[in-house]
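The values are calculated or read from the model by the stated rules, or taken from the named source; none is laboratory data. Model, not experiment: these values are computed from the prediction. A quick note on method: Cβ atoms are made from the backbone with ideal geometry, for glycine too, and the neighbour counts reach across all protein chains shown. Protein only, heavy atoms only, side chains kept; ligands, DNA and RNA dropped before computing areas. Shrake-Rupley method; radii C 1.70, N 1.55, O 1.52, S 1.80 Å.
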Amino acid sequence: MTFRLHSFFRSSTSFRVRAALNLKCIAFDQATYALRKGEQRSPVYLAVNPQGLVPSLETPEGILTQSLAIIEWLDEVYPEPPLLPRDPWGRARVRSLAQIIALDIHPINNLRVLQYLGKTFGADEAQQAEWFRHWVGEAFQALETRLSREPETGRFCHGDTPGLPDLCLAAQVVNNARFAVDMSPYPTIRRIHEACMALPAFESAAPAHQPDAV
């Protein structure tokens, strides 16, 4: 079975899917796009994903878009190792944790939003970075509180094996470094991130190790 991931090396959503594929030991190749040059808006890529966003995953069954949907599909088709718990409560919890990042941070902090802030409202790079840090802080304060208090938290976000929320957390923390986010208020998040990045599946998914890294 052949998989091709359409991605960008610094895309945190692409990072999530690369790490998920690695955890599942699924081989894949990559087609990469320079987002700052607008390559994702080319007619060739829009034929793959009409939204012009990464990642997209080509599978023998067709093309999947949206990182969380891709990851959940992978978990259903390739159930080992599991990325979501088997019990309904556990599945709801990990989705809730993942969505703090995937729905409350990423959509308002991704490249196209930052570029729009600059182009439309004249926000310079420093102001865009402040915007980014503000929204990370809003969500990470709540995420840190939950992870530090809830008994289901273990070495990772849910127990002692990495799963869906860890894919989102690790990718977001790596992205935070580009915007000088102060991580000192978030010791639990930092601990879980370190545990993730100690695993080859996460380390090899990191931006610096991608074919389009510059």
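Answer yes or no as to whether residue 166 is part of a loop (DSSP other than H, G, I, E, B), charged (D, E, K, R), within 30 Å of residue 39 (Cβ to Cβ) and within 18 Å of the chain's Cα centre (by Cα). No: the conditions fail for residue 166. When the range 45-73 is limited to residues that are in contact with a Pro (Cβ under 8 Å, 6 or more places away or on another chain) and hydroxyl-bearing (Ser, Thr, Tyr), the one that is nearest to residue 163 (Cα to Cα) turns out to be 67. Within the range 162-214, the set of residues being surrounded by 16 or more Cβ atoms within 10 Å (Cβ to Cβ) and polar (S, T, N, Q) comprises 172, 175, 176, 188, 210. Can you run down the residue pairs with Cβ atoms below 7 Å, 6 or more apart or on separate chains, where the first is in the range 79-92 and in contact (Cβ under 8 Å) with a residue 24 or more places away in the chain and the partner is of a type outside the set (D, E, K, R) and open to solvent by 50 Å² or more (accessible area, probe 1.4 Å)? Close Cβ pairs satisfying both conditions: 81/161. In the range 148-158 there is no residue matching the filter, namely being part of a helix (DSSP H, G or I) and under 18 Å from the mean Cα position of the chain (by Cα). Highlighted here are the strands (runs of 3 or more DSSP E) found entirely within the range 4-60 that include at least 2 residues which are open to solvent by less than 10 Å² (accessible area, probe 1.4 Å): 4-7, 56-59. Restricted to the range 67-80, and to residues there that are among the charged types (D, E, K, R) and assigned to a helix (DSSP H, G or I), the residue that is least open to solvent (accessible area, probe 1.4 Å) is 75.
Count of the range 34-77 residues, restricted to those that are touching a residue at least 60 places away in the same chain (Cβ under 8 Å) and more than 23 Å from residue 201 (Cβ to Cβ), is 3. The C-beta contact set for the range 173-199 (first residue assigned to a helix (DSSP H, G or I), second residue open to solvent by 20 Å² or more (accessible area, probe 1.4 Å) and polar (S, T, N, Q), distance under 7 angstrom, 6+ apart or interchain) comprises 188/148. For the residues 14, 56, the requirement of being hydroxyl-bearing (Ser, Thr, Tyr) and more than 18 Å from residue 196 (Cα to Cα) singles out 56. Residues in the range 98-131 that are open to solvent by less than 70 Å² (accessible area, probe 1.4 Å), touching a Leu at 6+ places or on another chain (Cβ under 7 Å) and touching a residue at least 12 places away in the same chain (Cβ under 8 Å): 98, 100, 101, 102, 111, 128.
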